[in-house]
Amino acid sequence: PTARLLVGATDPIAGGLEGAPKFPNAPIFRLLAWHAARNGDQDARDAVALLLDNLCQGGIYDHLGGGIARYAVDARWLVPHFEKMLYDNAQFLDLLCAAHAFPHAALYRARAEETVGWLLREMLAEGSAFAATLDAESEHEEGKFYVWQAEEIDAALGADAAVFKRAYGVRPQGNWEGKTILHRLASMPYPHPEEAALAVARADLFGLREGRVRPARDDKVLADWNGLMIAALARAAIVFEKPEWLGAATTAFAFVAQALDAGDGLLFHSYRNGQPKHAALLEDYGAMAGAAI
């Protein structure tokens, strides 16, 4: 009954729960994925797939660097609050694992690989555990690192700009405050017929974006958020056949277990600059136990 009530609360057009702002609410959809697998509920399975399709193709996803933002301010996943949180991405990765055999499996695999790429490239902190967040702002402006003007893309991609702009919704007037948030909501099929060319274009724009002023990073190692990511990364290593991800998960787990050890089987909650702080809470123990399993 709970699963049926939750399916009834979902947005049948854009996925997720109805209304705005729109959060991924991954635990709810993980429950629906479990329910669909156990009971063969096609409506629950469709609700999970619709959410993931729109998360993977919407502006809430970073199409150049991987990973999702914390939430979308609109009802169709176009405009993110640009902050990237470790725990959101852990739950996103875990949900991609749950749906790895769904019809759009190729899309989910691609987003999992890109998100783990972002994680290992930008979020490694002390001891190869994982940092907490990336800010939404750079140069005192929200989203500045991530958005584009059409003429920037024209200049960077030349003759290849036209196909990229069609695929990623780039228009001269922009789609948010006169700028463009890259998205593929209007070109949902994956792979796109021009996917190879789009990959080259994304790499070019990613390189250009790396020259911008980056959002600040909160590099605290939090036991609970690391536990969520370690568990998701270990599961993804199996599901997507990426043994190197399991190595990263194992290394992070060992660091948290040692560096945040408070003695007598207890943990600290956070760690930064060689200093563990604050007694762990129930969620720290729960998430790290899940990671251990």
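The values are calculated or read from the model by the stated rules, or taken from the named source; none is laboratory data. Keep in mind that what you see is a predicted model, and the values were worked out from it rather than measured. All Cβ positions, glycine included, derive from the backbone under ideal geometry; neighbour counts span all protein chains shown. Just so you know, the surface numbers come from the protein's heavy atoms only, side chains and all, with ligands and any DNA or RNA stripped out. Shrake-Rupley method; radii C 1.70, N 1.55, O 1.52, S 1.80 Å.
Values computed for the structure shown
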quantity: Which listed residue, of Arg121, Arg111, is out of contact with any helix residue (DSSP H, G or I) (no Cβ under 8 Å at 6 or more places or on another chain) and either surrounded by 18 or more Cβ atoms within 10 Å (Cβ to Cβ) or in a helix (DSSP H, G or I) (or both); calculated: Arg121
quantity: Residue in the range 15-23 that is modelled with pLDDT of 95 or more and assigned to a helix (DSSP H, G or I) present; calculated: no
quantity: Some residue of the range 101-108 being part of a loop (DSSP other than H, G, I, E, B) and in contact with a strand residue (DSSP E or B) (Cβ under 6 Å, 6 or more places away or on another chain); calculated: no
quantity: Filter pass, Gln258 being open to solvent by 60 Å² or more (accessible area, probe 1.4 Å), farther than 23 Å from Ala234 by Cα and at pLDDT 95 or above; calculated: no
quantity: Selected residue (criterion: farthest from Ala231 (Cα to Cα)) from residues of the range 64-107 that are open to solvent by 10 Å² or more (accessible area, probe 1.4 Å) and in contact with a Leu (Cβ under 6 Å, 6 or more places away or on another chain); calculated: Leu64
quantity: Which numbered condition Thr251 misses (of (1) modelled with pLDDT of 95 or more; (2) within 28 Å of Ala136 (Cβ to Cβ); (3) not small (Gly, Ala, Ser)); calculated: (2)
quantity: Top-ranked residue in the range 267-281 [being open to solvent by 50 Å² or more (accessible area, probe 1.4 Å) and in contact with a helix residue (DSSP H, G or I) (Cβ under 9 Å, 6 or more places away or on another chain); ranked as farthest from Ala105 (Cα to Cα)]; calculated: Asn273
quantity: Residues within the range 157-177 that are assigned to a helix (DSSP H, G or I), of a type in the set (A, V, I, L, M, F, W, C) and within 24 Å of Cys56 (Cβ to Cβ), tallied; calculated: 6
quantity: Test: residue in the range 140-152 that is in a helix (DSSP H, G or I) and buried (at least 17 other Cβ atoms within 10 Å of the Cβ); calculated: yes
quantity: Subset of the range 50-93 (residues that are basic (Lys, Arg) and under 26 Å from Leu208 (Cβ atoms)); calculated: Arg70, Lys84
quantity: Count of residues meeting criterion [open to solvent by 40 Å² or more (accessible area, probe 1.4 Å) and either without any contact (Cβ under 8 Å) to a residue 12 or more places away in the chain or in contact with a Phe, Trp or Tyr (Cβ under 8 Å, 6 or more places away or on another chain) (or both)] in the range 235-246; calculated: 4
quantity: Residue pairs meeting the criteria (Cβ under 8 Å; at least 6 apart or on separate chains; first under 19 Å from Tyr87 (Cβ atoms), in the range 106-117; second surrounded by fewer than 24 Cβ atoms within 10 Å (Cβ to Cβ) and charged (D, E, K, R)); calculated: Val116/Lys242
quantity: Within the range 167-183, considering residues that are under 21 Å from the mean Cα position of the chain (by Cα) and farther than 15 Å from Gly143 by Cβ, the one surrounded by the most Cβ atoms within 10 Å (Cβ to Cβ); calculated: Tyr168
quantity: Residue count for the range 52-82, restricted to those that are of a type in the set (Asp, Glu) and without any contact (Cβ under 8 Å) to a residue 60 or more places away in the chain; calculated: 1
quantity: Residue that is nearest to Asp94 (Cα to Cα), among those in the range 1-16 that are crowded, with 17+ Cβ neighbours inside 10 Å and touching a strand residue (DSSP E or B) at 6+ places or on another chain (Cβ under 7 Å); calculated: Gly16
quantity: Candidates Asn89, Asn54, filtered to the one that is in contact with a helix residue (DSSP H, G or I) (Cβ under 8 Å, 6 or more places away or on another chain) and among the polar types (S, T, N, Q); calculated: Asn89
quantity: Matching residues, the range 31-67, being of a type in the set (Asp, Glu), outside any helix (DSSP H, G or I) and over 17 Å from Ala90 (Cβ atoms); calculated: Asp41
